[in-house]
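Before any comments, here is the structure.
Derivation of every value follows stated rules applied to the coordinates shown; laboratory data play no part. The structure presented is a predicted model; accordingly, all values stated were derived computationally and were not measured. Please note: Cβ atoms are built from the backbone with ideal geometry, for glycine as well, and neighbour counts cover all protein chains shown.
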Amino acid sequence: ERMAHLLCELFIRLEAAGCTSDSSCEFPLTQTELGETLGMSTVHVNRTLQELRASNLIVLKDRTLTIPNLQALQDVALFNPNYLHLDREGRHLDANEE
């Protein structure tokens, strides 16, 4: 759930910045860096990524992350992008605009 949440947040933020192509984005992070970010061992990171791949929620290949079904990954992560305060064009919203 933590890994899926991080991947959702990174993708949504990159999408807002115009750094995605369809359902893909560059993903230069290593498993060690992911583990340090999430407080997980690299073994647990590897296992978690394998589970997400096996569930067809992500594809990681050649330092590219592809999310075939973002809504499905968001459901697994219990991710709600509203807390990022971004509109559809990626602008930050003021509290009064929400």
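Tabulated data
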{"item": "Translational diffusion coefficient (Stokes-Einstein; Kirkwood radius from C-alpha pairs) of the chain at 25 °C, 0.890 mPa s, in µm²/s", "result": "175 µm²/s"}
{"item": "Magnitude of the charge dipole, the chain, Cβ model with Lys/Arg +1 and Asp/Glu -1, debye to 20", "result": "420 debye"}
{"item": "Selected from Ala72, Ala54, Ala16 as most flexible by GNM, with the chain as the system and alpha-carbon contacts under 10 Å", "result": "Ala54"}
{"item": "Max mean-square fluctuation residue, GNM over the chain, Cα-Cα springs under 10 Å, options Glu15, Glu36, Glu26", "result": "Glu36"}
{"item": "Separation in nanometres of the label points that stand 7 Å from Cα toward Cβ, at Thr37 and Leu10", "result": "0.4 nm"}
{"item": "Cα centroid separation, segment 1-25 to segment 32-61 (Å)", "result": "15 Å"}
{"item": "Unit charges at the beta carbon, dipole of segment 2-93: most positive-side option, Cys25, Leu73, Asn46", "result": "Asn46"}
{"item": "CD proxy at 222 nm, helix term only [per DSSP H run n ≥ 4: -39500 (n - 2.57); per residue of the chain; nearest 500]", "result": "-13500 deg cm²/dmol"}
{"item": "Sites Ala54 and Cys19 - FRET efficiency at Förster radius 22 Å, r taken between beta-carbons, to 0.05", "result": "0.25"}
{"item": "Relative contact order %, the chain, counting alpha carbon pairs below 8 Å whose residues are six or more apart", "result": "36 percent"}
